[in-house]
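S.K.: Take this structure first; my questions come after.
The values are calculated or read from the model by the stated rules, or taken from the named source; none is laboratory data. Remember, it's a predicted structure, so these values are computed and weren't measured experimentally. Here Cβ is always computed from backbone atoms with ideal geometry, including for glycine, and neighbour counts include all displayed protein chains.
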Amino acid sequence: MSLWFIKNYRMKYTPKELHENVNVSHTSPVRELFLLLGGLLGILIVMYVVLGFAVDLVVMRMPPNIEQHFGSLFSGMFAENDRTEADDCVQQLLDALVEQSSLPGRYVVHIIPSSQANALALPGGHIVVLSGLLNKLKSENELSFILAHELGHFAARDHLKGFGRGLVLTTISAFWAGVDNSLTQFLMRSLMSVEMRFSQRQETAADLYGLDLLKKRYGHIGGATAFFQVLATEEAHGRLAYFFATHPYPQDRVDELRRTIEAKGYPSGEKTALDPRITTIPESSESKSFKDILGF
């Protein structure tokens, strides 16, 4: 090829027309947002499951003396000289149930004035009963079932698992503290819904433990479903409201207990009247929750 040809040849440039904007993504922004949220939520759930599983393993292997030391943090809330006849009566029922169980250690009941109806198991063998609950009961058997239910939480160490998982949630929340506040709230609510479902399974397991222990104590299961039936008739929000609650829907608990009673062939029987010293407890006008009582 000659030098003249190379110097004089000029290639004609023809610009190519662009039919689309290369700076615009083909993916929908909404889709990308959902993928981002889904990924973040997936990471949080994996973190929660792994850390929660680790907490459960540690709790189930925790020596009793360490649990008792942990429980001493709550002992100062309950003064022994403030105990009433009602406390002693309920304590006798609790002691009789513990004798029928294989649980180690000592368990102490504490009655707290409140218009709310609830009970709670705390580390160190403490069982807190709100007086509003006692005023809804009609028989000793109903109260014994509730106490047996709380002992079920001790048997599974749910009280310690609950504190441990609460610490996990707090840690994860602190980890995401720098993220946009609205996004953090969404992710934490989603994670809490997972925790609530876990808590409801614990409650169901404690119900079934309480049922077995009630049968051992009285020879029958009379009164096992009575309290939950009362709650079911008083419930005005419906089953959907319990989807994000720590406890199952009351009627669902009744149905589960009845299925178990039928499957195991447990007999019903005559219920024992509640001691008047328990039923005459003055109910506080204050609607104290456990958060108010415990201070956290």
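S.K.: Any residue in the stretch 56-67 that's farther than 13 Å from HIS159 by Cβ: show its pairings with residues that are modelled with pLDDT of 75 or more at Cβ separation under 8 Å, as long as the two are six or more apart or on different chains.
M.R.: Every condition considered, the pairs that remain are PRO64/PRO104; PRO64/GLY105.
Residue-by-condition table, conditions (1) within 26 Å of TYR209 (Cβ to Cβ); (2) surrounded by 12 or more Cβ atoms within 10 Å (Cβ to Cβ); (3) at pLDDT 90 or above; (4) among the hydrophobic types (A, V, I, L, M, F, W, C):
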{"residue": "GLU262", "(1), (2), (3), (4)": "yes, no, yes, no"}
{"residue": "ALA273", "(1), (2), (3), (4)": "yes, no, yes, yes"}
{"residue": "SER289", "(1), (2), (3), (4)": "yes, yes, no, no"}
{"residue": "GLY295", "(1), (2), (3), (4)": "no, no, no, no"}
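S.K.: Can you find a residue that is in contact with a helix residue (DSSP H, G or I) (Cβ under 7 Å, 6 or more places away or on another chain) and at pLDDT 95 or above anywhere in the stretch 152-166?
M.R.: Going through the stretch 152-166, the residues in contact with a helix residue (DSSP H, G or I) (Cβ under 7 Å, 6 or more places away or on another chain) turn out to be 152-153, 155-161, 164-165.
Add one more test, that the residue is at pLDDT 95 or above, and what stays is 152.
Yes: one or more hits.
S.K.: Continuing with this model, one more query. Looking at the stretch 85-114 only, could you name the residues that are touching a residue at least 40 places away in the same chain (Cβ under 8 Å) and more than 24 Å from LEU208 (Cβ to Cβ)?
M.R.: Answer for the stretch 85-114, where residues must be touching a residue at least 40 places away in the same chain (Cβ under 8 Å) and more than 24 Å from LEU208 (Cβ to Cβ): GLU85, ALA86, CYS89, ILE111, ILE112, PRO113, SER114.
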